[in-house]
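Below is one structure, written out as structure tokens, with a few remarks after it.
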Amino acid sequence: MNRDTQRSVYDQTYHRYLEQLKNIPFKDEAKALGITLAGDEAVIPYFGEPVRLTPAGLVDESGKRPDFSDCVVICRYLIMACEAKARDKTWVAFRDFPDAGPLTVFWRDAVERPIAEAFAGRIDALSSACDALGARPPDTDIACDLCRQFSLLPKVPLLLIFNDKDEDFPAAASLLFEKRADGFLDAESQAILGNRLTIRLTAGMNGE
């Protein structure tokens, strides 16, 4: 697929999502979604920054449309969260979701492994990168070298568990969702969200 064809497919997908969003009564759903309303716009917290759903589409703080991958995650969240009934907040691995199977290799290679490789022997750098994205220590006690909870979308936190390399084992990173996450995002959108977090965490690290 050439770049122009890919862009056309992306635009068609994006505008299909926007059409679905027109039918959502955000005035009634704002509290359940964890978003706010400002006139005819909905404001969605995403990676700690506001993204606005305007009549013309999604815009970030600079007034530009976010990357396509981010648009997919935000749109899927807004569409699915209105129907979400799940309540289980137990932390689970991505592979434990019923529809995750075809994406588990992607999750390993594009989400968890890059974090482990980028921050092996650099746990202070990982802590700083987490802080920069607004992560905090979780309420639960987990035996590991570093653990941080991210609030990337109002109802979809992620938990990072990191163990640094030692004489016997390489560094390892795990990203967990709450079990209810598949009520807010499908497996593909979960995988995209994990990848977007990894990209933000590791930005600038691999070239050092």
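Read-outs: derived from the displayed coordinates by stated rules, not from any lab. The model shown is predicted, which means the values in this text are computed figures rather than measured ones. Please note: Cβ atoms are built from the backbone with ideal geometry, for glycine as well, and neighbour counts cover all protein chains shown.
Taken along the Cα-to-beta-carbon direction at a fixed 7 Å, the label points for Asp28 and Arg87 span 2.2 nm.
How large is the translational diffusion coefficient of the chain in µm² per second when you combine the Kirkwood radius over alpha carbon pairs with Stokes-Einstein at 25 °C and 0.890 mPa s? Write down the numbers at each step before the final one.
On the way: Rh = 18.1 Å.
Answer from the Stokes-Einstein relation: 136 µm²/s.
May I ask you to work out the translational diffusion coefficient for segment 115-208 at 25 °C, viscosity 0.890 mPa s, via Stokes-Einstein with Rh from the Kirkwood sum over Cα pairs, reported in whole µm²/s? D = 178 µm²/s. Within segment 107-138, list the residues whose amide N lies under 20 Å from a label point set 7 Å along Cα→Cβ of Ser69. From segment 107-138, the list is 107-120, 126, 129-135. A viscosity of 0.692 mPa s and a temperature of 37 °C, combined with the Kirkwood radius over Cα pairs in Stokes-Einstein, give a translational diffusion coefficient for segment 16-60 of 304 µm²/s. Bridging of Lys64 to lysines at a Cα separation below 24 Å is possible for Lys22, once same-chain residues fewer than 8 apart are set aside.
Once every Cα of segment 143-196 carries one equal point scatterer and solvent is ignored, give the base-10 log of I(q)/I(0) from the Debye formula at q = 0.15, 0.22, 0.28 Å⁻¹, two decimals. For segment 143-196 at q = 0.15, 0.22, 0.28 Å⁻¹, log10 I(q)/I(0) is -0.48, -0.83, -1.10. Counting every alpha-carbon pair across segment 104-163, the share separated by more than 19 Å comes to 32%. Under 18 Å Cα to Cα from Lys179, which lysines show up? Leave out anything in the same chain fewer than 8 places away. Leaving aside lysines fewer than 8 places away in the same chain, those within reach of Lys179 are Lys85, Lys89, Lys155.
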